[in-house]
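Beneath this line is the structure, given in C-alpha cells, with notes to follow.
The values are calculated or read from the model by the stated rules, or taken from the named source; none is laboratory data. Treat the numbers as computed from the prediction; the structure is a model and nothing was measured. Neighbour counts run over all protein chains shown; Cβ positions are idealised from the backbone, glycine included.
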Amino acid sequence: MSENRKALHEPLIRIVKRDGISFRKKALIRAASIVLALVADALFIYFVTGLNPLSVYAVMFNGTFSTTMRFMWAMRDLASLLLIGIALAPAFKMRFWNVGAEGQVLMGALATAAVMVYYGGKLPNWLLYAVMLIASLFAGALWGFIPAWFKAHFSTNETLFTLMMNYVAIQIVACCVNIWRGQASGLGKLNMKSKAGWFPQIGGHRFMINLIVVVVLMFAMYAYLRYSKHGYEIAVVGESENTARYAGINVGKVIVRTMIISGALCGLTGFLIVGGRDQTISTNTAGGDGFTAIIVAWLSKFNTFYMALISFLLIFLRKGAAEIASAYNLNDFASDIIAGVILFFILGSEFFINYRILRRSGTKEVR
Amino acid sequence: MDTLVAWILRAIPFGTIIMYGAMGEIITEKSGNLNLGVPGIMYLGGFAGFASAYIYENTAANPNMALCVVLALVCTFLASMAGGLIYSFLTISLRANQNVTGLALTTFGMGVANFFGVYILNGSTATQSLVYKTFQTKIPVLSRMGVIGQTVFGYGFMVYAAIALAIALHIFLNRTRTGLNLRAIGENPATADADGISVTRYKYLATCLGAGISGLGGLYYVLDYNQGIWATTGQIEALGWLAVALVIFTTWKPLGAIWGSYLFGMLYWLYQFLPTLLGVSVPGYMTDLIQMVPYVVTIIVLVVTSLRKKRENQPPASLGLAYFREER
C-alpha cells in the first residue's frame, strides 16, 4: 500500500532548496537572466517599432558613453541612486521594509533648502554647510525614526507606514516650495546671486563631492554591515527576532537605531542632491529613486559593491532610453519598460540561484 | 448647501476610483500577497480600456457605444490580469520578493501605458474618447429629483457597480467556503495546505482577479472621472498608492471600502470646498497641507489597529511572505 501511494504522489518535478551555490554558477545564472531580458526587450522593440534592436542597443550605449560630459552626468545620477541604496541596506538586512526612502530623502533635501533660504548669506560658508548637513541628517533620521519606533513597540506594519510617510513628506515639500516661490511660477535655483550653500566646484563639477561621499560610504557601509557588532546584530534580527531576543539582543533598540541610521543617510542624500546637483528643491527632487533604490538594495543582497553595479545598469538604461527617444522619435517611457522587463528577469533568476529542480526519476537524488 | 452638494459630487467619483483599486488589493492581500504593483496595474487597466475604446471609435464606421463600453471593460480586465499574472508567476511560482516585484510592476505598468499612450496622443498633450458620455450616463428619472436625487443617483453605472461588487466580495469572503479557504491561506498557508486546499491555485486566482478589479479603477478614472481624456501624467500612480492606503484604512474589509473611499474622496477635495463652506480664505500653501490629511489619517488607523490588537482588524498573518511547502 505504501508503495502504491508513493507511485501516485511522486510529482514530475520537485523543487529543492540549494545548500550553497558556487560563485561561478551564480554569476552565470545572473548573466543568463540579463541576456534573456535583453532578448525579450529586443523582440519588444522589433515588433512595436520595427527598428533593428541591435542598432537601438548601440544608440543606447551612447547615452552614457558618447562624451565625457554624458558619462559624468550618468555618474552624478548614479551617485544619488546608489547612496539611497546604501542607506537602505542596513534596514533591509534587518528585514525592515523601509519603502519610505523617497520621503526621507525629501525631508533631508527640505531641511537643507530651508537652511539655504533662511541662513544663506547670514552665516560664514563653512558654518552654513555644517548646519545644512546636520539639519538634513536630523530630518531624514526623524522620518526613519517614527515608523521604527512604532514597529519596535507595537509591531506596526512598517511597509505600509513608511509608504504613507512618503506622501506626508511630498505634501510638506509642496507647501514649503509654495511659500518660498511667492508670486513666481517656479522656485528656481536657491540663492542664485550669492550661491550660498552651493557646493564648490571640483574638476568643473559641483557634484564631485557627491561622488566622493558615495565611494567613501560604499566602503564604510560594507565594513559596518560585515565587521561591526552593530552589523552582526542587524543580521541576527533579520534572520529571526526570536533568536536575537534569546541571544540577549535588544531587538527594539536595534530596529530604532538602524532606522535612524538608514533615515539619516537618506537625509544626507537629500543634502547632496540639493547642494551638489540641483541647488533647488521640488516634490520631484528624489524623482522615484527612493523606490528604485529598494530594488537595487534587494537585488544586490545588501552588498554595497553589487549595488554599484546594479545602479549603474539602471542608470545606463535610463540614459540610453532618453538617447533612443531623441534618436528615433520614441519616448522616454521605453526605459521604464526595458528596465521593468530586466528587473522581472533578474527577480525570476533568483529562484534558480536559491533552488534546484529535480526531475522525476527512478534513482534517488541526482547531484 | 450648494458647496456641500458640489463637494459630494466630487468626492464620490473620486472615491470610486480608489475603491476599485482597494477592493482588488483586499482580495489579493487576503491570499497573503502584498502587491505594491497596484499603481502599475491601474495604469495598465486604464490605458487598455481607453485605447480599445478610442481605437474602436475611430475605426468602426458606426460605433455602437454600448458595445464600446463592454469592449473597454473586457480589455481593462484582461490587461490588468496580465499584470497580476506577471506578479503571481514571479512571487508564487518563482518565490521572488513581493515588495520588490510589486515595485517593478509599478514601473513597468506605468512605462507600458505611457509609452503606447504617446502613440495614441500623436503629438498632442491629451486626447479624448467620446465613450465617456456613456460611462457618465446618470440614472434617468431619479437623478433629477432634487438634491438627494443628484447626490445619490447622479453618477455613472460604475459607481453603483463598485458598491454591488463590495457587497458581493463581503459575502464571498465571509459567507462562502471558497472565501473561508482564501482567508485561511492568507493567515497560515501551511495549515490550509494540510487541509487539502490548493494554496498555489488560490493565490494565483486571487491575485489575478484582484488585479483585474484594481484595473477597473484605472478605467473609471480615465473614461468617467477624467471625461475620457488620456494625458501623460503621474496622477494614476498617486491614486494607486491611495488605494493601497485605503486597504489599510478599511482593515481589509470590502464593506469598509465603500464608506472609506467616499471619506477619502471628501478628504482629498477638502482643500477646495472646506474654505468656501466655512467662509474663510486659505492661502495656497495651506491646500498642500490639507491634501496630506488622507495619508495622515491612514497612518493613524494603522497605528491604532496595531495598538488595539483586535484580532479581526489585523492584516493577514502571512502577508508578504512566500509559501514554500518543503520549508515547513
Discussion item. So for the range A:248-265 (the condition being surrounded by 24 or more Cβ atoms within 10 Å (Cβ to Cβ) and closer than 14 Å to A:S80 by Cβ), does at least one residue qualify?
Written reply: yes
Worksheet item: Hey, A:R18 hits all of (1) within 14 Å of chain B (Cβ to nearest Cβ); (2) surrounded by 14 or more Cβ atoms within 10 Å (Cβ to Cβ) but one; which does it fall short on?
Response: (2)
Discussion item. Of everything in the range B:281-293, what is at the interface with chain A (Cβ under 7 Å from one of its Cβ atoms) and either closer than 12 Å to B:F249 by Cβ or not acidic (D, E) (or both)? Give them in sequence order.
Written reply: B:G284, B:Y285, B:L289, B:Q291, B:M292
Worksheet, complete the sentence: Apart from one, (1) within 12 Å of another protein chain (Cβ to nearest Cβ); (2) of a type in the set (D, E, K, R); (3) over 30 Å from A:R95 (Cβ atoms) all hold for B:D224; the odd one out is (1)
Worksheet item: Is it the case that B:V296 is more than 25 Å from B:M158 (Cα to Cα), facing chain A (nearest Cβ under 8 Å), touching a Ser or Thr at 6+ places or on another chain (Cβ under 6 Å) and at pLDDT 85 or above?
Response: no
Worksheet item: Among A:L268, A:L309, A:L317, which is the only one that is of a type in the set (A, V, I, L, M) and either touching a Gly at 6+ places or on another chain (Cβ under 8 Å) or at positive phi (or both)?
Response: A:L268
Item to complete: Give the range B:90-103 a look and list any residue that's assigned to a helix (DSSP H, G or I) and either under 12 Å from B:A211 (Cβ atoms) or in contact (Cβ under 8 Å) with a residue 40 or more places away in the chain (or both), or say none.
Response: B:T91, B:I92, B:S93, B:Q98, B:N99, B:T101, B:G102, B:L103
Worksheet item: B:F115 passes all but one of (1) of a type outside the set (S, T, N, Q); (2) within 9 Å of chain A (Cβ to nearest Cβ); (3) over 28 Å from B:I185 (Cα atoms); (4) touching a residue at least 40 places away in the same chain (Cβ under 8 Å); which number fails?
Response: (4)
Worksheet item: Just one of B:L263, B:L219 is surrounded by fewer than 20 Cβ atoms within 10 Å (Cβ to Cβ), touching a helix residue (DSSP H, G or I) at 6+ places or on another chain (Cβ under 9 Å), among the aliphatic types (A, V, I, L, M) and at negative phi; which is it?
Response: B:L263
Item to complete: Determine if the range A:22-30 includes at least one residue that is under 23 Å from A:S335 (Cα atoms) and in contact (Cβ under 8 Å) with a residue 40 or more places away in the chain.
Response: yes
Worksheet entry | Condition met for A:G287 (more than 9 Å from chain B (Cβ to nearest Cβ) and small (G, A, S)) | yes
Worksheet item: Would a scan of the range A:330-344 turn up a residue that is in contact with an Asp or Glu (Cβ under 7 Å, 6 or more places away or on another chain), at pLDDT below 85, surrounded by fewer than 20 Cβ atoms within 10 Å (Cβ to Cβ) and not in a helix (DSSP H, G or I)?
Response: no
Worksheet item: So is A:E350 assigned to a helix (DSSP H, G or I), under 30 Å from B:E326 (Cα atoms) and charged (D, E, K, R) or not?
Response: yes
Item to complete: Mind listing whichever residues of the range A:35-48 are surrounded by 15 or more Cβ atoms within 10 Å (Cβ to Cβ) and either modelled with pLDDT under 80 or under 24 Å from the mean Cα position of the chain (by Cα) (or both)?
Response: A:L36, A:A37, A:L38, A:D41
Discussion item. Taking the criterion of being under 28 Å from A:L187 (Cα atoms), facing chain B (nearest Cβ under 10 Å) and not polar (S, T, N, Q), would at least one residue in the range A:323-332 satisfy it?
Written reply: yes
Worksheet item: Can you find a residue in the range A:171-183 that is within 13 Å of chain B (Cβ to nearest Cβ), under 27 Å from A:Y222 (Cβ atoms) and in contact with a Phe, Trp or Tyr (Cβ under 6 Å, 6 or more places away or on another chain)?
Response: no
Practice prompt. Restrict the check to the range B:57-76 and report whether at least one residue is modelled with pLDDT under 95, within 14 Å of chain A (Cβ to nearest Cβ) and farther than 27 Å from B:L255 by Cβ.
Written response: no
Item to complete: Report whether or not A:N303 is closer than 24 Å to A:Q104 by Cα, in contact (Cβ under 8 Å) with a residue 12 or more places away in the chain, out of contact with any Ser or Thr (no Cβ under 9 Å at 6 or more places or on another chain) and more than 8 Å from chain B (Cβ to nearest Cβ).
Response: yes
Worksheet entry | Number of the condition not met by A:V117 [criteria: (1) within 13 Å of chain B (Cβ to nearest Cβ); (2) at pLDDT below 95; (3) surrounded by 17 or more Cβ atoms within 10 Å (Cβ to Cβ)] | (1)
Worksheet item: Given the conditions (1) at pLDDT 90 or above; (2) surrounded by fewer than 21 Cβ atoms within 10 Å (Cβ to Cβ), and given that A:A184 satisfies all but one, which numbered condition is not satisfied?
Response: (1)
Discussion item. Could you check the range A:277-297 and list, in sequence order, the residues that are within 16 Å of the chain's Cα centre (by Cα) and on the phi > 0 side of the Ramachandran plot?
Written reply: A:G287, A:G288
Practice prompt. Give just the number: which of (1) closer than 23 Å to B:Y160 by Cα; (2) outside any helix (DSSP H, G or I); (3) not acidic (D, E) does B:F14 not satisfy?
Written response: (2)
Practice prompt. Filter the range A:187-217 for residues that are basic (K, R) and either crowded, with 19+ Cβ neighbours inside 10 Å or more than 15 Å from A:A113 (Cα to Cα) (or both) and give the result.
Written response: A:K193, A:R206
